[in-house]
């Protein structure tokens, strides 16, 4: 039986998605500079040529991988009246998930090209949509505060673990974090 165009499209989409998942995982663990296209191809169980065919270059793959996890809707879909609690739950739920965007961001800083990609995506895919969602005179400040608190939580929970932020959060720490997040949304 001959494969239809729709079957080939589904296979191509599945292969592309598998490469992106592998790229997020490998970039999150080893950083941009220490990762090669061959590493990602091996993790995705595809040929390096196929990675290049889909993404053009390692930079193109890094951008697509980071862009695929930079979704402001993960923040803006949280109900405003319970924002602090709901967002903290989502952030903690993400712990240990392969391909964490903040890890990819931090590990990209040593490469000028990857850093430029990260800076542009933070501005266009996170900060600007968040500011629009806030829709207030101080919207850009509030978007920056939200990114600052969430990045700080990840940094000191996962990358440079501080005891009060690892594992199950104490009720006091949880309440403080929820209050800080909520105050950004409803000052």
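Read the figures in this text as sums done on the coordinates, not as results from a lab. These numbers come from a predicted model, not from an experiment. When we count neighbours, we look across all protein chains shown, and the Cβ atoms used for this are built from the backbone with ideal geometry, even at glycine.
Taking the beta-carbon count within 10 Å as an exposure proxy, list 42, 58 from fewest neighbours to most.
Working: 42 14, 58 21.
So the residues, fewest neighbours to most, are 42, 58.
At 7 Å along Cα-to-Cβ for each site, give me the label-to-label distance between residue 168 and residue 80 in nm.
Placing both labels 7 Å along Cα→Cβ, they lie 3.5 nm apart.
Please build a GNM for the chain, connecting alpha carbons under 10 Å apart, and tell me which residue among 136, 166, 109 fluctuates the most.
So, out of 136, 166, 109, the one fluctuating most is 136.
Output the relative contact order of segment 5-67, whole-number percent, from Cα pairs under 8 angstrom with separation of 6+ residues.
On the way: 46 pairs, mean separation 22.4, N = 63.
Taking the mean separation of contacting Cα pairs over the length of segment 5-67, I get 36 percent.
What is the distance in Å between the Cα centroid of segment 102-152 and that of segment 33-63?
25 Å
Let me check against my output: what whole-number percent is the relative contact order of the chain, with C-alpha pairs under 8 Å and at least 6 apart? It would help to have the intermediate numbers written out before the result.
On the way: 179 pairs, mean separation 45.1, N = 187.
After rounding, I find 24 percent.
Along its three principal axes, how long is segment 5-67 when you only count alpha carbons? Whole Å, largest extent first please.
37, 22, 18
Let me know the shape class of segment 98-167, please: from the alpha-carbon gyration tensor, a ≥ b ≥ c as square roots of the eigenvalues, rounded when a/c is under 1.5, otherwise prolate if a/b is greater than b/c, or oblate. Mind showing how you got there, number by number?
Details: a/c = 2.74, a/b = 1.25, b/c = 2.19.
Here segment 98-167 falls in the oblate category.
Would you calculate the separation in nanometres between label points at residue 11 and residue 109, each defined as 7 Å from the Cα along the Cα-to-beta-carbon direction?
Going from the residue 11 label point to the residue 109 one covers 4.4 nm.
Could you list 19, 92 so that the one with the fewest beta carbons within 10 Å of its beta carbon is first and the one with the most is last?
Details: 19 25, 92 15.
The fewest-first ordering by Cβ neighbours comes to 92, 19.
Test of understanding: in a Gaussian network model of the chain with alpha carbons linked when under 10 Å, which of 75, 130, 169 would top the mean-square fluctuation ranking?
169
Given a 10 angstrom Cα cut-off, can you work out which residue in 141, 81, 25 is the most mobile in a GNM of the chain?
Most flexible of the set in this elastic network: 81.
When 72, 100, 30 are ordered from fewest to most other Cβ atoms inside 10 Å of their Cβ, what list results?
On the way: 72 18, 100 21, 30 14.
Fewest to most other Cβ atoms nearby, the residues stand as 30, 72, 100.
Compute the distance in nm between two label points, each set 7 Å from the Cα along the Cα-to-Cβ direction, one at residue 18 and one at residue 137.
About 5.5 nm separates the two model spin labels.
Report Rg/Rh for segment 46-125, rounded to two decimals, where Rg is the Cα radius of gyration and Rh the Kirkwood radius.
Values: Rg = 15.0 Å, Rh = 14.2 Å.
Ratio value, two decimals: 1.05.
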